[in-house]
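Worksheet: one structure, shown below.
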Amino acid sequence: MAPSYENLPMEDDEFDENQVDFTDLEEQYQVRLDEGLDAFVVVDGLPVVPEDSKPKLVKFILRKLNSVGKVKDDGVHMPVGDSGKTEGYAFVEYTAPSEAVAAAKQLNLTALDKKHTMLVNKLTDIDRYGREGRVEEEYTPPTVPPFEQTEHLRSWLGDSEGRDQLVMFRAEKVGVFWNNKEDAPDPVVDRENWTESFVQWSPQGTFLTSIHAQGVQLWGGKQWTRQKRFAHPGVNLVDFSPSEKYFTTWSHRPLQVDENNPVPSLSLEEDGKNYIIWDLATGKPIRSFATLDVPTTMDIDGTPIKKKMQWPTFKWSADDKYVARLTQGQSISIYELPSMKLLDKSTVKIEGVMDFEWAPATPKRDGIKTYEQLFCYWTPELGSNPAKVGLMSIPSKEIVRTRNLFNVSDAKLHWQSEAAYVCVKVDRHSKSKKSLATNLEIFRVKEKGVPVEVVDSIKDTVINFAWEPKGNRFVLITTGEIPAAGAAVPPKTAVSFFAPEKLKGGAVGNFRHIRTADKKNSNAIYWSPKGRFVVIATLQSQQSFDLDFWDLSFEKPKDEAEKGDKELNANLQHMSTAEHYGVTDIEWDPSGRYVTTVASAFRHRMENGYHIYDFKGTLLREEGIEHFKQLIWRPRPPTLLSKEEQAEIRKNLRNYSKVFDEQDLAKKNTANKAVIEARQRLLAEWLEWRENMRMMLEEEGAVIELNGGKVLQDVDDEAEEVEEIVEEIIEESEEVIG
Amino acid sequence: MRPILLSGHERALTQVKYNPDGDIIFSVSKDHVVCAWYSHNGERLGTYHGHQGALWTVDVDPTSTLLATGGADNTMRLWEVKTGKLLKTWDFPTSIKRVEFSADGTLLLGVTEKRSGHLGTIVVYEINPDPEAKQSDEHVLRIVCEDSKPTVAGFSYCAYYIIAGHEDGSVSQYDAKSGELLFNREVHEADMQITDLQWAPDRTYFITASKDKTAKIVTTDALEVMKEFVTDTPLNSAAITPVKDFVILGGGQDAMSVTTTGARQGKFEARFWHKIFQEEVGRVRGHFGPLNYVAVHPQGTGYCSGGEDGYVRVHHFDKPYFDFLYEVEREHAQANL
């Protein structure tokens, strides 16, 4: 029988609570009582003064201490030692714990004079971290982890075949591949859920950026390990400085950082901010900013015009030395790096400023020896003052050149990649404000006095403009109609090519129109990164998906060369036209050998996938992949070869290409051989299997099956062949002769 | 050669079939009518009237004497090809999705739909090849599929097995005498319906088409997948060509979603793949709705396709079609000379 409740032994009576050792539990579950000490701080590092000077010192430090909160009356307790002097520290009580927190944060390490630096800590912290036993008596040197060789971040550049890498984001998978021309790209790494929204390369290709709800991660090296992590909850966009030293993260949601929501490496300073500028090497934020409130402008009907956010908001100078943000209509704030302090502690006030653009390369102007960066900006007409375009030199803040413009409705700034020219595309309205026309104001930045050349032969509205990278030619697209947003029928456009005249001595002459291709729908211009070749495409259209490949330095066979060709620094040739249904993005590879076009699932769900073309528009490969989102070429850093070395290579190009041709041929042959062998094997296997089946059927006596499903009908009565001759009288006529 | 457009139907085609001689094409459509056509010129030979609902399926016996049809009026009917006379009507509780004769024409199977408390079944009848004879009312075999309903079925060589394709993408092999399930294999992606099953001429292997955008060649004995053809569109039909080692695949975006997309994105093309090398060799455009069925001439001289657009397109192959050979095939052919 099991013991009933009554029968249970009552030994508990003799139980002595004191015998149990609770210390471990107490330690574990000790509740930190609110001791009312949270409002106290300990101030250390004070000068040691005789007792009679104490009030003076208290008064002095109170001035500092009251700057962050209110110290309680008689809240300063400064003990006096046996020697009749103060001990160099004081206990201070604030009116609220939050003030104590602020004091510890802001006043710690404040210099009082040359010899004394004030240390401010919360009393509870001193108790928590400094109590006896918490700090070991004996100094143990921190263990320095042995040096670990990290992976080379640019190893991909050493590919023996000189191939380029690309990243593809399809469905939930992100993979990095070697481009293999017409063959399937060679996978380097392929991971599920590598990113939560999109991927992005750093500008020199060192890192692959993945975007997550918690922040941004950078990946690189041969093994594609995580290189850095940056916590920015809710991050939407990322922008790197040109040399990958810094980068900006942005979230539309202001950051929330406080004691309840700690975010690694972010402090209270970042609370309420939208932008963080990070130092990439240390992984620490340098400075953070909130989104500026843009005054909403009203259109004629009084409805506010929705403004698109400008991205990047913080624009970097070419050498990572400065970063600047525009406050539209008022000023440009230029910050110096690495301190991220305002240049000369003040913003650059430019009344009415609408937009600005840094020179994409450090300009070397004629006759200017000192260091400078340039940016170009424009202001609209203000009252009776004309609209202006200006070039400003930094750090001197000197205006290098300005130009007045009239009847301006909008302007766009286009720098040439080497900062040799900046073209200001000015949309001008007639006096009645009914028709629009476009002028191009081209500043020749590198020439003495920065002369401005005006191209005003364009009657229509220019909807797109692009300089040839490292060159001096440009392409623009014009349209007669003003494109209505969301119109079903894409507007008819015309594509015009411009080049400078050839002058004696190789100088660059005036820009002249070469040719216009009209009756197009094109709206996008993609220059090869090496110049010369350009792809003109139609994007964001429902009907037209044309890609036109042009060559601007076509070498005609000698006998066909015309006389007039000499005048212009160009020889335009349309190479080919291709079509990619539903194309949304186009990109050249960094070497200018290939062009990829992508139909991305970010924009629509029809025939997602990619095409690879070579520079002359031959389709090398097409692949349709469901939920295909991104294909981005891995950028390359600038070449390390000097100009002379590059020229040397160009001179011997034939010898080099021979080697590569041989490699290609060998590769192709082995590939072909493999394909043929595979086919031979397949065919042999199939035939063998068929023969087995045939023998099996014969054994089974399956006559009909062996005859291909046709029943052999017994031809018992001899087949009767009936020949029928049908004579048809088409016409009958009688003629009487005689 | 230009295709011949057979525009005798008023609604979507559901199945088209050549007779074993290849001179006649039978077509059934949702418009309740069975049509017979001369394959060489597209002239209509006649129609078979009687069905009261959309027709899903048609098959002709090996001697071109008897024609079996099945449809949404829950009947399976037997006709005399020559006269158009209705010989026999079998009634069922649900519609008939597929009929097929055995290779010798003595057995006929029908696949019944699963609906309103009735499971999908495969029924088999013995057929007297004489059109004058009385056909039996009683089935000789009834297979009830409890797991997943059958969508397509057919007799293997010598009518040893019945092979059925299911809604869940699997293929089953049944003993054609006892009706016992011998085994079931997941051939296509799970829950991707098998839309078609067509035999090789000798019925030792067959091709299945599925909504999972692939077609597969499977052996009759072991249900082993030998070849796989991956496309970019849901497939409704797949056929094996005699003479040349090709397969023809037909499909396209579902009829439901077609209205929102252009013909270009519908992918309404017949696709030719090399059967052995599993490479696409060509496409034929023309339909402006999904292809519901493709059938190949038994002598391999042409093919026809029935579309959701209500047309049958009859194609005769040109000389280049027969001349086309892979280098490997050419070498092999020369070695055998």
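The values are calculated or read from the model by the stated rules, or taken from the named source; none is laboratory data. Quick caveat, the model's predicted, so the values are computed rather than measured. Every residue, glycine among them, receives a Cβ derived from its backbone with ideal geometry; neighbour counts consider all protein chains shown. Heads up: the accessible areas ignore ligands, DNA and RNA and are worked out on the full protein's heavy atoms, side chains in. Shrake-Rupley method; radii C 1.70, N 1.55, O 1.52, S 1.80 Å.
Side notes on the structure shown:
- At least 40 Å² accessible surface lost relative to isolated chain, residues of region B:148-180 (1.4 Å probe): B:Y157, B:C158
- Hull volume per residue, based on the alpha-carbon atoms of region A:649-693 and their convex hull, is 35 Å³.
- Size descriptors for region B:110-205, from the alpha-carbon set: Rg then Dmax equal 14.0, 46 Å.
- If R0 is taken as 30 Å, the Cβ-Cβ distance between A:L342 and A:D410 corresponds to a FRET efficiency of 0.50.
- Per-residue mean of foreign Cβ neighbours for A:699-709 is 6 (Cβ atoms of other chains, 10 Å radius).
- Cβ-defined net charge surrounding B:S95, 13 Å radius [Lys, Arg +1; Asp, Glu -1]: +4
- Take the Cα radius of gyration of region A:40-130 and divide it by 2.2 N^0.38 Å, N being the number of residues; the result is 1.01.
- Residue ranges A:323-333, A:396-406, A:589-599, B:162-172 sort as B:162-172, A:589-599, A:323-333, A:396-406 when ordered by packing (mean number of other C-beta atoms within 10 Å per residue, highest first).
- For region B:4-335, carbon and sulfur atoms together expose 47% of the accessible surface, with a 1.4 angstrom probe and every protein chain in place.
- Based on protein heavy atoms only, region B:4-335 ends up with 38 Å² per residue of surface accessible to a 1.4 Å probe.
- Taken along its principal axes, the alpha carbon cloud of region A:317-456 reaches lengths of 50, 30, 21 Å, longest axis first.
- Overall, region B:4-335 carries a charge dipole of about 740 debye about its Cα centre when +1 sits on the Cβ of Lys and Arg and -1 on the Cβ of Asp and Glu, all other atoms neutral.
- For region A:40-130, the residue among A:V80, A:L107, A:L46 whose Cα projects farthest onto the positive side of the dipole built from Cβ charges is A:L107.
- For the segment A:599-608, counting C-beta atoms of other chains within 10 Å of every residue's C-beta and taking the mean gives 1.
- Translational D in µm²/s for chain B (Stokes-Einstein at 37 °C, 0.692 mPa s, Kirkwood Rh from C-alpha pairs): 165 µm²/s
- Residues in region B:87-136 that, when all protein chains are in place, have 30 Å² or more less accessible area than the chain alone would give (probe 1.4 Å): B:A103
- Here the gap between A:I730 and A:D73, fully extended at 0.36 nm per residue and compared with their Cα-Cα distance, gives a gain of 223.4 nm.
- Label-point separation, A:E721 to B:F288 (7 Å along Cα→Cβ), nm: 4.8 nm
- The simple Förster model, with R0 at 22 Å and r as the Cβ-Cβ distance, assigns A:D82 and A:D38 a FRET efficiency of 0.10.
- Residue by residue along B:327-337, Cβ atoms of other protein chains within 10 Å of the local Cβ number 2 on average.
- Total accessible area lost when B and A pair, probe 1.4 Å, Å² to nearest 100: 2700 Å²
- Mean Kyte hydropathy of -0.5 or more with a Cα span along the axis of at least 15 Å, helices from DSSP in chain A: A:54-65
- Averaged per residue, chain A has 61 square angstrom of accessible surface, using a 1.4 angstrom probe with ligands and nucleic acids left out.
- When the other protein chains are added to the chain by itself, burial of at least 30 square angstrom of heavy-atom accessible area (probe 1.4 Å, ligands and nucleic acids ignored) affects these residues of region B:189-211: B:P201, B:D202, B:T204, B:Y205.
- Across region A:172-233, Cα-Cα distances exceeding 20 Å account for 27% of all pairs.
- Region A:373-439, dipole about Cα centre (Lys/Arg Cβ +1, Asp/Glu Cβ -1), debye to the nearest 20: 280 debye
- Burial order of peptide ranges A:382-391, A:142-151, B:305-314 (average beta-carbon count within 10 Å, highest first): B:305-314, A:382-391, A:142-151
- Chain A - percent relative contact order, Cα under 8 Å, separation 6 or more: 6 percent
- Charge sum, other residues only, whose C-beta stays under 12 Å from A:D164's C-beta, Lys/Arg counted +1 and Asp/Glu -1: 0
- In summary, the protein assembly as shown shows an alpha-carbon radius of gyration equal to 1.34 times the 2.2 N^0.38 Å reference for compact globular proteins.
- Of B:Y18, B:S7, A:W219, farthest towards positive along the dipole that unit charges on Lys, Arg, Asp, Glu beta carbons give the protein assembly as shown: A:W219
- Placing +1 on the Cβ of every Lys and Arg and -1 on the Cβ of every Asp and Glu, with nothing else charged, gives chain A a dipole about its Cα centre of roughly 7600 debye.
- Ligands, DNA and RNA left out, the accessible area of region A:649-693 computed with a 1.4 Å probe is 56% carbon and sulfur.
- Local electrostatic count, B:H297, Cβ distance below 14 Å [Lys/Arg +1, Asp/Glu -1]: +1
- Farthest positive-ward along region A:526-651 dipole, Cα basis, beta-carbon charges - from A:S541, A:M575, A:L641: A:L641
- The packing ranking of peptides A:360-370, A:523-533, highest mean first, is A:523-533, A:360-370, where packing means the average number of other beta carbon atoms within 10 angstrom of each residue.
- Approximating the spin labels as points 7 Å out from Cα along Cα→Cβ, the A:Y656-to-A:Q310 distance works out to 4.0 nm.
- Estimated from the Cβ-Cβ distance and a Förster radius of 60 angstrom, the FRET efficiency linking A:R63 and A:E381 is about 0.70.
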